1. Among (1) surrounded by fewer than 10 Cβ atoms within 10 Å (Cβ to Cβ); (2) at pLDDT below 50; (3) part of a helix (DSSP H, G or I), there is one condition residue 14 misses while meeting the rest; what is its number?
2. Among the residues of region 66-82, are any in contact (Cβ under 8 Å) with a residue 60 or more places away in the chain, over 21 Å from residue 200 (Cα atoms) and surrounded by 14 or more Cβ atoms within 10 Å (Cβ to Cβ)?
3. Somewhere in region 40-59, is a residue surrounded by fewer than 21 Cβ atoms within 10 Å (Cβ to Cβ), under 17 Å from residue 168 (Cα atoms), in contact with a strand residue (DSSP E or B) (Cβ under 7 Å, 6 or more places away or on another chain) and at pLDDT below 90?
4. Give me the strands (runs of 3 or more DSSP E) completely within region 145-193, filtered to those with at least 2 residues that are at positive phi and in contact with a strand residue (DSSP E or B) (Cβ under 6 Å, 6 or more places away or on another chain), ordered by residue number.
5. Could you tell me how many of the residues in region 90-141 are touching a strand residue (DSSP E or B) at 6+ places or on another chain (Cβ under 6 Å), at pLDDT below 65 and part of a loop (DSSP other than H, G, I, E, B)?
């Protein structure tokens, strides 16, 4: 007697239910991983520079190179009396400034490489001196946290399309009464993601992050606070 061919049996309802649960969980996990993945466009944009700010001149700093002036770095000289190098905000940006209690003046902080720049820094909407020399009553007075400092960083906050972004500018400053105050801008950078902090000297983002050779993470110039 011939047997009829064996017909494939349908999956049991219990097994099918488990497989459906597994597929749903795997799909959800995949979506979760995609959600946690970093944004591909997140990066720090660095621009090298070699600009000396001459006496009685102003340099217009466009931090993200979009044609809008974000900051001005200016040098004012009065021969035989005083010379000042300062950073001023344009309508688009502000710099982190120390108060009088920190340095005896309204000087911009002179941060070392590696310092975190972002929310919480003392950004102000008025200009801040970098360095100043003045002759008074036969004496020469010198002010500012940037006096004779090399490779120090301005902490900067500015706007792109109405959103807050952070950046830095690196300068060398020489200060003496005989020669006045001279500043050289040697580079600047900004973070492309709004409200995201970066480090002073940081030149790229993500796994490709790089810093200047002389970086000292967490270091601060004299008078600065974390």
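The values are calculated or read from the model by the stated rules, or taken from the named source; none is laboratory data. Nothing here was measured: the structure is a model prediction, and the numbers come from that model. All Cβ positions, glycine included, derive from the backbone under ideal geometry; neighbour counts span all protein chains shown.
1. With (1) surrounded by fewer than 10 Cβ atoms within 10 Å (Cβ to Cβ); (2) at pLDDT below 50; (3) part of a helix (DSSP H, G or I) applied to residue 14, the lone miss is (2).
2. Within region 66-82 (the criterion being in contact (Cβ under 8 Å) with a residue 60 or more places away in the chain, over 21 Å from residue 200 (Cα atoms) and surrounded by 14 or more Cβ atoms within 10 Å (Cβ to Cβ)), the answer is yes, since at least one residue qualifies.
3. no
4. Hits in region 145-193: 180-191.
5. 2
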